[in-house]
Amino acid sequence: MSDRADASESTNGNEAADLTLSRRRFGLAVLAGAALSAMAGELTLSRADSPAAPTESTTLDAGDAAAFAEGVSDKFAKDARVFVVRKGKTLSALSATCTHKKNLLKLKDGQIRCPAHGSRFESDGKCSSGPAKEDLPHYAVSIDAKGHLIVDKSKLLKAGDAGTTVDLK
Ligand code: FES
């Protein structure tokens with residue numbers, strides 16, 4: 001065989017080796033794709049089989065309505081973001097989320113304050129000091145057959161709207 005033929009054979013040998021490698025890579029890529037596809041299918045199935053993610057309850061049973069003392073209660077502020085307000089025999093519920101940038105409001109010295117930027121709100125939800133500009137929303141309240149205060153957080157209401165106060169008997 002001539003040098004040229006050897007070179008040609010050698011080149012062909014390298015091409016064959018390259019082709020074999022390419023086929024191996026292709027095969028591995030197909031297997032990897034199939035494995036990923038199977039995993040994705042399994043993830044989809046497991047998501048479909050799993051129970052629905054818990055959703056935040058929109059109704060708060062605040063317990064014995066008559067037990068609330070005069071003024072603002074922060075008993076449910078942290079967990080349910082609700083302030084319960086008692087004025088005489090009338091109860092109402094306010095959002096405990098600041099209308100400025102949605103920080104959790106705190107009760108300090110009987111006044112509703114925002115620890116983030118200093119906004120203040122009256123016990124009727126009125127914004128008395130900024131930077132917040134909007135008043136706190138009210139929630140619908142009712143008293144059930146057991147005498148418990150029920151706060152319906154599904155609707156944001158304004159002070160004076162129907163259902164924002166309930167009277168103790
Ligand atoms: S988040 Fe309450 S004042 Fe800014």
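All other residues with a Cβ under 9 Å from the Cβ of Leu149 taken together, and with Lys, Arg as +1 and Asp, Glu as -1, what is their net charge?
-3
How many percent of Cα pairs in region 81-136 exceed 16 Å? Before the final figure, lay out each step's value.
Details: 478 of 1540 pairs.
Considering region 81-136, 31 percent of its Cα-Cα pairs are separated by more than 16 Å.
Identify the trypsin sites (Lys or Arg not before Pro) of region 86-129 meeting these criteria: DSSP loop state and at most 13 other C-beta atoms within 10 Å of the C-beta.
The qualifying sites are Lys89, Lys101, Lys102, Lys126.
For region 59-167, I need the span (max minus min coordinate) of the C-alpha atoms along each principal axis, in Å, sorted largest to smallest.
Over region 59-167, Cα extents along the principal axes are 41, 26, 24 Å.
Quick check: residue separation of Ala145 and Asp64 times 0.36 nm, minus the Cα distance between them. What number comes out in nm? It would help to have the intermediate numbers written out before the result.
Working: separation 81, 0.36 × 81 = 29.16 nm, distance 1.08 nm.
Going from the current span to full extension adds 28.1 nm.
Read the figures in this text as sums done on the coordinates, not as results from a lab. Not measured: the values here are computed from a predicted model. Heads up, the Cβs are rebuilt from the backbone with ideal geometry, glycines too, and the neighbour counts pull from every protein chain shown.
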